[in-house]
Amino acid sequence: MNIHILEMPLDFGGNRHGSDMGPSAIRLAGLKDKLTALGHETKKHFSPIELHPQEYEEQGDPEAKYLKPIVLACNQLAIQVETAYKTDAFPLVLGGDHSISLGTLAGISSACKEDEKELGVLYVDAHGDFNTTETSPSGNIHGMCMGASCGFGIPELVNLYDNGRKVNPKNVCYIGLRDIDEGEKLLMKEAGVTAFTMSDIDRQGFSNILKKILVFFKTHVDVVHISFDMDVIDPMFAPGVGIPLPGGLNYREALLLMEEMSSLRMVKSAEFVEVNPVLDVRNQTAAMAVELIGRLLGHKIY
Ligand SMILES: [Mn+2]
């Protein structure tokens with residue numbers, strides 16, 4: 001497969017700086033060698049954005065911090081994701097904080113619309129990222145990106161790149177949730193997303209939840225995008241993230257999730273976000289991201 005690696009060194013969406021170094025950390029952890037060993041081509045690898053560091057940008061509205069530079073960067077990313085998809089390449093987006101998913105989803109959604117394909121999203125995250133400026137306690141856009149992609153929130157985000165929502169919330173499946181703000185919880189329920197929390201995993205068992213996820217996508221959509229926030233994984237295995245929360249997926253569960261999604265043969269794009277090398281220990285979170293990408297793109301043990 002031809003893979004376009006799109007690096008998004010952008011950390012405007014969250015409070016803690018450092019995820020702008022995520023793409024370099026993933027690169028250093030051996031992404032290219034991993035993909036090449038799996039027989040993939042990685043001729044295109046670049047950053048679609050030209051940005052000043054956060055320190056030199058205006059924060060702007062405290063209810064939607066750094067809105068302007070985020071919208072600009074996400075528009076640039078959307079163009080490249082759409083181009084990759086249309087040339088039969090796999091767009092692999094490396095964050096950066098989760099706000100970049102606004103651009104990835106805008107690009108893939110636009111391509112799917114033209115193709116008349118129904119798009120679904122597997123959102124792998126400890127958090128809902130479904131706030132609006134009204135419900136957000138922080139004004140950080142990385143906590144609003146999924147809500148806005150589903151059509152909720154300020155017009156600058158909802159209409160980014162293309163007018164209206166990018167994905168039908170009924171086609172969105174969450175896994176790994178363990179911290180959701182009250183306001184966003186109501187909105188997620190109203191929108192009708194499917195959510196598997198860590199408690200669901202504890203009650204039903206991980207492999208049963210996996211089966212449900214595969215059935216969900218087979219019965220709802222034609223194309224799947226994976227949005228993978230490294231904070232879904234327990235900080236014991238992935239300490240280098242902006243908001244570490246105990247009680248997450250373990251190493252093997254995360255790898256198995258990617259293997260199963262690979263076997264579905266419907267995943268046409270993916271992003272791995274919130275790797276923060278400043279908070280990491282010996283680059284292990286970035287190394288784990290490389291392992292996850294490998295499993296998603298065909299690595300089998302036996
Ligand atoms: Mn997130």
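Filter the stretch 94-117 down to residues that are open to solvent by less than 10 Å² (accessible area, probe 1.4 Å) and in a loop (DSSP other than H, G, I, E, B) and give me whichever is farthest from the ligand (Cβ to nearest atom).
The extreme case among them is GLY96.
Would you mind finding the one in PRO48, PRO91, PRO69 that is in contact with a strand residue (DSSP E or B) (Cβ under 9 Å, 6 or more places away or on another chain) and either within 16 Å of the ligand (Cβ to nearest atom) or not in a loop (DSSP other than H, G, I, E, B) (or both)?
Step by step, each of PRO48, PRO91, PRO69 is checked, and only PRO91 is in contact with a strand residue (DSSP E or B) (Cβ under 9 Å, 6 or more places away or on another chain) and either within 16 Å of the ligand (Cβ to nearest atom) or not in a loop (DSSP other than H, G, I, E, B) (or both).
Quick one: which residue in LEU51, LEU67, LEU92 is in contact (Cβ under 8 Å) with a residue 24 or more places away in the chain and within 24 Å of PRO137 (Cα to Cα)?
LEU67
Would a scan of the stretch 182-200 turn up a residue that is closer than 18 Å to ASP229 by Cα, within 13 Å of the ligand (Cβ to nearest atom) and polar (S, T, N, Q)?
no
Can you name every residue in the stretch 20-59 that is open to solvent by less than 50 Å² (accessible area, probe 1.4 Å) and touching a Gly at 6+ places or on another chain (Cβ under 6 Å)?
Hits for the stretch 20-59 are GLY22, LYS34.
Of the numbered conditions (1) surrounded by fewer than 21 Cβ atoms within 10 Å (Cβ to Cβ); (2) assigned to a helix (DSSP H, G or I); (3) in contact (Cβ under 8 Å) with a residue 40 or more places away in the chain, ASP231 satisfies every one except a single condition; which is it?
Status for ASP231: all satisfied but (1).
Quick check on GLY120: is it open to solvent by less than 10 Å² (accessible area, probe 1.4 Å), more than 16 Å from the ligand (Cβ to nearest atom) and within 27 Å of SER199 (Cβ to Cβ)?
Considered against the rule, which asks whether it is open to solvent by less than 10 Å² (accessible area, probe 1.4 Å), more than 16 Å from the ligand (Cβ to nearest atom) and within 27 Å of SER199 (Cβ to Cβ), GLY120 comes out as yes.
Give me the helices (runs of 4 or more DSSP H) completely within the stretch 143-215, filtered to those with at least 2 residues that are open to solvent by 30 Å² or more (accessible area, probe 1.4 Å), ordered by residue number.
Hits in the stretch 143-215: 155-158, 182-191, 198-204.
Just to be sure before I move on: is VAL232 in contact with a strand residue (DSSP E or B) (Cβ under 6 Å, 6 or more places away or on another chain) and within 15 Å of the ligand (Cβ to nearest atom) in the structure I sent?
yes
The values are calculated or read from the model by the stated rules, or taken from the named source; none is laboratory data. It should be emphasised that the depicted structure is a prediction, and the values quoted were computed from it without experimental measurement. Glycine also receives a Cβ, built like all others from the backbone with ideal geometry; neighbour counts cover every protein chain displayed. Accessible surface is based on the protein model in full, side chains and every heavy atom, while ligands, DNA and RNA are left aside. Shrake-Rupley method; radii C 1.70, N 1.55, O 1.52, S 1.80 Å.
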